[in-house]
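Reading through the structure tokens given below for one structure.
The values are calculated or read from the model by the stated rules, or taken from the named source; none is laboratory data. Predicted model, so just to flag it, every value in this text is computed and none were measured. For neighbour counting, all protein chains shown are included, and Cβ atoms are generated from backbone atoms with ideal geometry for every residue, glycine included.
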Amino acid sequence: MLSDINLQNPTIRRMVFLQLGITVGFAIIAGIVSGEHAAVSAILGGLTNVFASVIFVFVANVGLRTANRMGQTGMRPLLRAELVKLVFIAIQLGLIIKFYEQVSFGALMTTFLVTLLAWRAMLLTSGATKNPS
């Protein structure tokens, strides 16, 4: 499982596409309900997690390859990737809030949180289908 962390992995690709789908759906809803700036805010909130997920996969993949080459195992590469992802998210949200003056915090945070939870839910459900009890 740990060696399968790359963008060719079908589960990871489904997770990224799910986040993109949620982002588009919430942007359409936000645009209809609250206008153009809410739609843009929803897109920015969703893309924050999409980009962070891709960064996580890249950093985890590089870390796991290095650990495997050195004969090491463990969760350290995944924890490092999660830390990089969290820092990346914080930087992205900070930049959005600083430079997008018409940001709709409701649309931004709603889409951000739903795409974040979708990543976790997909991880849980993909693990449940592989190991039926």
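Quick look at the numbers
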item: Residue match in region 94-112 (condition: part of a helix (DSSP H, G or I), exposed (fewer than 14 other Cβ atoms within 10 Å of the Cβ) and aromatic (Phe, Trp, Tyr)); result: yes
item: Residue within region 57-74 that is hydroxyl-bearing (Ser, Thr, Tyr), surrounded by fewer than 17 Cβ atoms within 10 Å (Cβ to Cβ) and at negative phi present; result: yes
item: Given (1) within 13 Å of the chain's Cα centre (by Cα); (2) among the polar types (S, T, N, Q); (3) in a loop (DSSP other than H, G, I, E, B), number of the condition Thr73 does not satisfy; result: (1)
item: Residue identified as within 21 Å of Thr115 (Cα to Cα) and modelled with pLDDT of 95 or more among Ile5, Ile32; result: Ile32
item: Residue in region 27-41 that is closer than 20 Å to Phe88 by Cα, part of a helix (DSSP H, G or I) and not hydrophobic (A, V, I, L, M, F, W, C) present; result: yes
item: Of all residues in region 17-33 being crowded, with 18+ Cβ neighbours inside 10 Å and under 16 Å from the mean Cα position of the chain (by Cα), the one that is farthest from Arg120 (Cα to Cα); result: Phe26
item: Among the candidates Phe56, Phe51, Phe88, residue that is modelled with pLDDT under 95, under 13 Å from the mean Cα position of the chain (by Cα), part of a helix (DSSP H, G or I) and of a type outside the set (A, V, I, L, M); result: Phe56
item: Within region 68-114, tally of residues that are over 20 Å from Val54 (Cβ atoms), in contact (Cβ under 8 Å) with a residue 12 or more places away in the chain and not polar (S, T, N, Q); result: 7
